[in-house]
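Working notes, beginning with the structure itself.
Laboratory data are not the source of any read-out in this text; all were calculated from the coordinates shown. Computed from a predicted model, the values in this text were never measured in an experiment. Here the Cβ positions follow ideal geometry from the backbone for every residue, glycine too, while neighbour counts run over all protein chains shown.
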Amino acid sequence: MTGYKAELREKIAKIVQEKVKIAFFGQPGAGKSSTINAICGAEVAKVGVTTDTTRDVQIIKYGEVIFVDLPGYGTSRFPQNEFFTKFNPLQYDLFVCVFAGKLHEADTKFFQELNKRGKPCIFVRNKTDEIYDEGKTLEQSQESIRQDVARQLGTSEIVLQFISARGDMHSGIEALNACITSKMGAARKEKYIMAVKTQTKEHLQQKRALAIKYVSRSAKFAAVNGLNPILGVDFAIDITIIYNMYEEIRQIFAIDEKNVGKSTLTTGLKNYLLKGMSKEGIAIILKSVTQKIAARSMLKYIPLVGQAATVYVGHKIVEKAGEDYVRACYQVAEEELLDDLKLQN
Ligand SMILES: Nc1nc2c(ncn2[C@@H]2O[C@H](COP(=O)(O)OP(=O)(O)OP(=O)(O)O)[C@@H](O)[C@H]2O)c(=O)[nH]1
Ligand SMILES: [Mg+2]
């Protein structure tokens, strides 16, 4: 393998391997699990009516993000010092402290431990829907909470976001996403944006741009690995690359059989999206993409032109197959988002 190829392979492997790791801590019942669910837009973490629901560390893989749902901190089940001896806090990119009511002393201690180790931590005041102080506006109540937190932590340089995470009546999640990504480097930020539930039209557009970027990366990967459905060197590998790419695209836009079925897309587009869910279906899609590309290029001369053209064509096919799929998935996601936003207003 040439130096360039090896380098590219290594670079891609590194991007793929590194997941974003976010750990949630806070008092039992504060709403850590609910917050993770609100961010993901799915019931990925167990929520309880009684406290101490999350008794063990729950690890939730969601796209390229790993949410670590720690049990209520400072309880008998999870003594204060255990975390720093049992787990390596350095492996996490970010910590999120969730509290309801007042910040607990145990939260402050945990924060100080993180601070000592140079780990970023943001604060989430959950259950904003329950904030009510006689004679005060919500803004005034929030300001007192903010001051109280700053006093306890001994610094006003904190990121604090107010949210409600219960059931379907979420608020502040979009702003929370912004707080979380503000603490990350560019690559991790992209992964986070792609994984979490779409909150706004701008978010959906960001996802589309990132999905196209991902497709272009897959196309390069395919090319350096010698993919070429036309020459049929190894059709099984070709299909697998596209299969994985389609799966990733669907994950970014949260596409499944259910929302494809519900959408107002044409039957042709719906079938196309569904075909992309199986290797047999992808074989059919690929044939048509290949024919389209072949029709407008000098593909028929490939055996004569040789290796460089082979790489070029492999690249083009994957790119086109990916971009088409992104467009169709985007349409379904857009319809769903507009419905969501209508419901909220
Ligand atoms: N009113 C209100 N209740 C909430 C909100 N978020 C969560 N809850 C409720 O608070 C309770 C505890 O939520 P969980 O998400 O299980 O809390 P947790 O921090 O994961 O709890 P442990 O796993 O026991 O540490 C549940 O009954 C939730 O429905 C909110 O924003 N407002
Ligand atoms: Mg929990």
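Pull out a ≥ b ≥ c, the square roots of the eigenvalues of the alpha-carbon gyration tensor of the stretch 85-160, then state rounded if a/c is under 1.5, prolate if not and a/b is larger than b/c, and oblate in the remaining case. Prolate is the answer for the stretch 85-160, as a/c is 1.5 or above and a/b outweighs b/c.
Inter-label distance, residue 21 to residue 42: 2.2 nm, where each label sits 7 Å from its Cα along the C-beta direction.
Taking the average, over residues, of other Cβ atoms within 10 Å as the packing measure, peptides 102-112, 134-144 rank 102-112, 134-144 from highest down.
Considering all C-alpha pairs of the stretch 18-194, those separated by over 30 Å amount to 12%.
In this Cβ point-charge picture (+1 for Lys and Arg, -1 for Asp and Glu), the stretch 157-202 has a dipole of about 160 debye about its Cα centre. In the stretch 18-194, what percentage of the DSSP-assigned beta bridges are antiparallel, given to the nearest 5? That works out to approximately 30 percent antiparallel. Here the stretch 186-228 is treated as a sphere whose radius is the Kirkwood value from Cα pairs; by Stokes-Einstein at 10 °C and 1.306 mPa s it diffuses with a coefficient of 139 µm²/s.
Each residue in 329, 179, 97 was given a count of other beta-carbon atoms within 10 angstrom of its own, and listing them fewest first yields 179, 329, 97.
Calculate the FRET efficiency for residue 158 and residue 202 from the Cβ-Cβ distance with a Förster distance of 22 Å, rounded to the nearest 0.05.
0.25
Can you tell me how the stretch 132-211 classifies by the Cα gyration tensor, rounded, prolate or oblate, using a/c under 1.5 as the rounded cut? The shape class here is oblate. Placing a pseudo-label 7 Å from each Cα along the Cα-to-Cβ vector at residue 115 and residue 240 gives an inter-label distance of 5.0 nm.
Assign unit charges at the C-beta atoms only (+1 for Lys and Arg, -1 for Asp and Glu), then state the dipole size of the stretch 18-194 relative to its Cα centre in Debye, rounded to the nearest 20. Could you put the intermediate results ahead of the total?
Values: 23 positive and 22 negative charges, 125 e Å.
Result for the stretch 18-194 is approximately 600 debye, rounded to the nearest 20.
Once the Cα-Cα distance is subtracted from the 0.36 nm per residue extended length, the residue 138 to residue 150 segment shows a gain of 2.5 nm.
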